[in-house]
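Structure first, commentary second.
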Amino acid sequence: MSNSKRFRFRPLALMSGSLVGGALFALAVQAPADLTPWQIEAEHARGHNDQPLPTRQGADSAWIISDKAASDGRAVLLASNGGSVGQVLPGSFRPGVYTVGIRARGEAYQGWPTVELRLDGRRVGAVTVTNGEYALQTLANVSLRPGQRLDIVFVNDAYDGAQDRDRNAVLDQLALTPLQDAAPPAGRTPGDVLDVKSFGAKGDGVTDDSAVLARIGNAGGKDIYFPPGTYVIGRPVRLDGLKHQTIYGSNATLRASDDFQAGDALGMLTLTNAQDLTVRDLTIVGRARYDVAPFDQRADGLHVEDSRDVHVRGLNVQRTHSVGISADGSDGVVIEDSTVSGAYANGIGTGNSNNVKILRNTVTGLGDPGSGNYKEPPGLGIFGWGGKNFLAEGNVLRNITNTATKTEGIANTTYRGNTIDGFGKDGIKIMPRPGYSTSVAGAVVEGNTIRNRHPWAADGTSYILFHSVQGGRVAGNKIESTYRPGHFYEEDAVRVNTFSKGPPSRDIVIEGNEIVGTRRGVRLEADGTVFRGNTVRGQDPWARSGLIVSANGVSVANNTFDGPVIGVLLDSGVARTRVENNRFANNSGSGVYADNDNSDTTVGGNSFGVGVAQRVVGRVNGCRSNEC
């Protein structure tokens with residue numbers, strides 16, 4: 001059978017994400033002249049001695065498996081150290097720089113699998129596969145020509161005699177995309193642009209380009225362009241004083257060297273004292289060292305400091321030791337449409353900055369800390385502290401080990417339209433900055449979807465958490481728990497309380513939210529909170545209470561409580577609660593429990609459907625003829 005008939009090619013949308021391992025494939029046709037990538041099914045890879053991959057388990061160090069989640073129902077498993085597949089590029093292959101992308105997943109045991117990409121036997125990249133489900137991701141930008149040999153090699157196998165104690169890498173598909181140069185920013189001519197290769201950078205994936213790039217300075221006011229290639233960074237590169245300029249790339253990757261040394265500059269690419277600067281369309285690949293705490297040797301991907309009006313767009317940041325994209329002491333920073341994966345500390349972080357906007361980014365964390373050997377557990381998805389006016393909108397956060405996103409000590413924080421799927425502590429948290437403030441004003445959390453909390457951090461409590469918030473709104477969010485550990489009781493969909501010695505939260509409105517399946521629905525520890533128009537659903541015995549009222553003067557109106565053991569529970573000594581015009585159903589304990597010395601409680605106008613064992617427990621105002 002000829003190579004040209006061995007593969008099935010079809011166009012594929014451009015991929016983004018982190019480098020992940022699997023197999024490389026025979027390339028038997030000429031690449032397209034346009035930028036349409038080719039998709040290649042993994043099961044058509046070649047094994048040792050250019051032989052077809054076996055289908056029998058254990059027949060070699062890599063074999064074909066059946067997998068319903070794979071695109072064609074089959075994938076390639078790399079099972080042991082040295083397991084590899086590869087191919088010599090045929091004579092019909094068109095030379096050029098290519099983005100190599102894959103759809104792959106990892107199987108973790110005492111850490112995630114790592115693979116190396118080798119070109120003619122020379123290591124040109126390595127990556128740790130940190131996603132347990134298939135995901136489209138980018139490997140690297142590589143200059144390729146006919147006759148070269150490509151191999152991907154599995155290098156860190158771990159196995160302890162059982163199927164659930166076995167580390168593997170699994171590949172579904174691969175894609176190659178030919179690259180072309182990007183056009184200069186609008187209104188700029190080629191003479192207004194500094195090409196880093198013309199300046200002396202190699203971008204060959206081998207040479208350390210950090211010294212050359214550091215000499216660029218402010219580029220004489222020109223825009224800075226990274227042509228296609230991989231620029232090895234051995235130490236942080238600082239560019240100072242850029243104004244009214246753009247840093248941009250065309251399928252360009254800045255990759256930390258194996259011996260990368262952190263320095264005074266906090267990022268692999270550090271921008272200081274910038275003004276009206278755009279940074280776009282670059283891939284930054286760090287080198288996370290899990291045996292060193294992430295802030296003991298600070299190494300972010302992109303770091304912006306003491307700057308104004310910096311716009312970051314279309315970055316792909318992978319495996320940084322500290323933060324993926326960060327900004328400190330700045331004003332008017334916008335981070336949008338970027339991807340951060342596998343950051344050891346935080347995906348995106350800002351410190352002491354005003355008027356920050358974080359828009360439509362995707363952040364993927366490292367997940368269960370028990371799956372790796374970490375000096376400290378991995379961190380947050382998005383984290384901001386200090387300053388005022390913080391907006392996080394339209395972001396997607398997945399598999400975050402710690403809190404998915406939080407702000408500390410930022411006045412006027414808004415979370416809107418974000419999706420959080422999988423986190424280990426809290427979902428969205430707004431709180432004071434410990435040691436700097438005791439309260440925070442102006443919090444809005446609206447239109448977010450938050451699901452799948454895991455007990456990866458022992459002190460986690462909530463999907464949405466307000467600490468000492470002075471004036472806030474939680475509206476139109478959907479919260480869903482699908483985790484059911486028998487011993488795990490600290491789980492609230494929404495909690496409003498007091499932080500340390502700060503003042504209690506106040507002036508809070510919670511309305512129009514949908515809560516499904518959490519251990520407890522909402523816990524209110526703020527006087528005068530308004531709780532209206534919400535739906536809380538759950539099932540006995542897991543869902544214990546729809547609403548716990550632990551403050552005075554709370555209004556509970558026009559809500560639905562369907563399924564928790566108790567619909568509304570008043571804590572001991574709570575007074576002046578009004579529970580009116582709500583719907584109760586399937587509450588095996590009671591609809592309203594107010595038998596904890598709850599003076600001046602008013603219950604009226606509610607409806608009690610099927611499955612409500614007792615409508616109201618305790619002495620309350622407003623009930624007449626069992627109509628409460």
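The values are calculated or read from the model by the stated rules, or taken from the named source; none is laboratory data. Everything numeric here is computed off the predicted structure, so don't read it as measured data. We place every Cβ from the backbone using ideal geometry, glycine too, and count neighbours over all the protein chains shown. The protein model used for the area step is the full one, side chains on, heavy atoms only, and it has no ligands, DNA or RNA in it. Shrake-Rupley method; radii C 1.70, N 1.55, O 1.52, S 1.80 Å.
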Alpha-carbon spread of the range 519-577, three principal axes, descending order, Å: 28, 24, 13
Accessible carbon and sulfur surface of the chain relative to its total accessible area, %, 1.4 Å: 44 percent
The range 160-285: C-alpha gyration tensor shape, a/c 1.5 cut-off, then a/b vs b/c: prolate
Computed E for Gln110/Asp240 - FRET, C-beta separation, R0 35 angstrom, nearest 0.05: 0.25
Listed pairs Lys357/Lys429; Lys429/Lys478; Lys388/Lys429; Lys406/Lys478; Lys68/Lys478; Lys425/Lys478 exceeding 22 Å between Cα atoms: Lys68/Lys478
Gyration tensor (alpha-carbon) shape descriptor, the range 548-628, a/c threshold 1.5: prolate
Radius, Kirkwood style, for the range 105-154 when every pair of distinct Cα atoms is counted (Å): 12.2 Å
Under 20 Å from the Cα of Lys202 - aspartates and glutamates, other chains or at least 8 residues apart: Asp120, Asp181, Asp223, Asp258, Asp259, Asp281
Value of D in µm² per second that Stokes-Einstein yields for the range 269-370, Kirkwood Rh from Cα pairs, at 37 °C (0.692 mPa s): 245 µm²/s
Net charge, Gly553 excluded, C-beta distance under 11 Å - Lys, Arg +1, Asp, Glu -1: +1
Local electrostatic count, Tyr463, Cβ distance below 13 Å [Lys/Arg +1, Asp/Glu -1]: +3
Under 29 Å from the Cα of Lys197 - lysines, other chains or at least 8 residues apart: Lys222, Lys243
Cα gyration tensor shape for the range 403-485, rounded if a/c is under 1.5, else prolate or oblate: oblate
Mean projected area (nm²) of the alpha-carbon convex hull when the chain is viewed from all directions: 29.6 nm²
Under 10 Å, Cβ to Cβ, from Val522 - net charge with Lys/Arg +1 and Asp/Glu -1: +2
For the chain: accessible area per residue (Å², 1.4 Å): 38 Å²
